[in-house]
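As C-alpha cells, the structure follows; a few thoughts come after it.
Just so it is clear, none of the values below were taken in a lab; they were calculated from the coordinates. A quick note: this is a predicted structure, and the numbers were derived from the prediction, not measured. Every residue, glycine as well, gets a Cβ built from its backbone with ideal geometry; the counts of neighbours run over all protein chains shown.
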Amino acid sequence: MSNTTPTTDASGGQLFCPLLEMMKEHRLNNNTQANLVVVCIHGLVSCLGILENALILWVVGFRLRRRTVASIWVLNLAMSDFLTTLTLPLFTYYLYSSHSWELGSLLCSMQASIFFLNMFVSAFLLAAISVDRYLLAAKPVWSQNHRSVQGAWKVCALGWLWGLINTLPFLMFRAVTEKQDGRKLCYHNFALYSSSQSTLERDCKVRQASTAISKLLLAFLFPLVVIAGSYIQIVISLRNRSRRRKQSAGRLMDTLIVSNKDGAIEATTPTITKNSNIFLKPLSSGPSLSLTPTYLSPTAPNPNQLSKSFTKMVTFVIAAFVLCWAPYHIFCMIEVTAQYWQENLNFVEVGLPLATTFAFLNPVLNPILYAFSCPNFCVRIRQSLGEVFDGLVEEGGGLLLVPGRTIRAHIRRKGSRDVNFEMPRSPKGSSSLCPSTHSPSSQPLHSLSEGLKDTHKSKDVVEPS
C-alpha cells in the first residue's frame, strides 16, 4: 500500500511471504478467450448489481411513508451491497487486463476493504434480523414496547463499526506486488511490518491463518449459529403458542356452555365437535353480539405475528448468503494449507478467483430476492420509474413539460404514496414491510360487523310476544 513502509531485507529489497513468492512465479490464467467471456459476464453483472441496489435504496430510502424496523434492516443491507457493487467494475478491469492490477495501490486497498466490509456487515445484519424475528415471535409484548426504529438504527451502526474493525487487518496488509511475468497482483503481503528476516516465515504463517480463521468464524460460522438458533427457537415458540391457544379455546368453549342459563345451548351437550358453529348464531334470549371463532382459533392472524412475506425474504437472503460465501471461505482455508503443501497452490489459484466471483454475486442476487419475495417492491419500483420517464418524455402543446409536472406523473405520485408497506394497526416498530393479502387487525372489525348483521336479522325474524 502507498501509506505503508514495507519491510526490507539486508540487500534493501522488499520482503515477501513464501506463499506470495510462489504466487509471483506462477503464470496461470493465460487463456484470452476464456478471460474475454468472464470479463463480459462480470461487466453485465456489475451494471445489473449497481442498478438493482440503487433502485432498492431509492424505494426503501425515499418511497416509504413510514420507517419500520424491517425497512431499516433492508436499507442497511442494500447500502452494504451497493458499496460492493460499485467496486465490481474495478475487478472487471482487473480481469480485462489479463489478471493484472493496473489501478494502483490506493484502489487496490479500497476495493479489498469494501469487499471485506460487506462480508462482515452482511453477516452481522442477517444475524441481527434473525434475533429480531425470534424476539417478535417469542416475546411479542416486549417487542411491542421496546422495538423501535431508533433501536434498529443503533444496531445497524454497531454492525458497521464491527465491520470496520474487522476490516482493518486486511487493509493494513493489502499491497500491489509485481509478478515475474510483469503482471501485478493485488493481494495480501503478510510480510509487511515483520520485525526481522528470522521471524518472517513464522509471522506469515500466523497472520495468514489468523485472518482466514477470523473470516470463517466471525463472518460465517458464528452468524450461522445465531441464525439457526433463532429460527429453531421461533419454531418452538410458535408451536407452544399454538398449543396454548388450543387449550384456551377449549376452556373458553366449556365456560360459555356452562354459563348459559337461558337454554339457548344445552348445557348437557356431551361433546363439542370441531366444526361447531355455536359462536356464529346469536342467543335466542335477545339481541346480543356474537363471538366468532376468529378470537379462539389458534391459527387466526393477529397484529403481532410474523410477516410471512418478510420471513420468506429473510430466508432466501440467508440461503443466498450461505451459497455465495461458503466456497470463498473453503478456498481461504485451503490457501492456508498451501503454506505446508505446495501442491494445493495450483488448486487455490484456479478456485479462489472463481469463489470470489460467487461472493460478488451475493450483493447482486439480494435485490432480486427482495423483489420476488415482496410484490410491493415491484409496485414501488414501477411507479418510481414511471414518474421519471413520464417527466422526461411527456409533451404538451408542442412544448416539453417540466419533469414531474405532468398530470400522469402527479397521478403516479399520488398512487405511489397510497401504497403502504405497513399493516394497519401494526405495533410500534412493526416489521410488516411486505404485508399479506389480508390485514390481521381488520379481522376483529369484520367479525364485529358480522355479529351486528346477525343480530339485526334475528330481530327481524323473532316477533315480540
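Near Glu178, the amide H atoms lying under 5 Å from its own belong to Leu185; only residues 5 or more places off or on other chains count, and H is placed 1.01 Å from N. With 0.36 nm allotted per residue and the present C-alpha distance subtracted, the Phe222-Leu158 stretch has 21.4 nm of extension available. The GluC sites (Glu not before Pro) of segment 316-370 that DSSP puts in a loop, and whose beta carbon has at most 12 other beta carbons within 10 Å, are Glu343. The mean sequence separation of alpha-carbon pairs under 8 Å and at least six residues apart, normalised by the residue count of segment 104-189, gives a relative contact order of 43 percent.
Of the trypsin sites (Lys or Arg not before Pro) found in segment 38-126, those that fall in a DSSP loop while having at most 11 other beta-carbon atoms within 10 Å are Arg65, Arg66. Here the simple spin-label model places points 7 Å from the Cα toward Cβ, and for Asn346 and Leu83 these points are separated by 4.0 nm.
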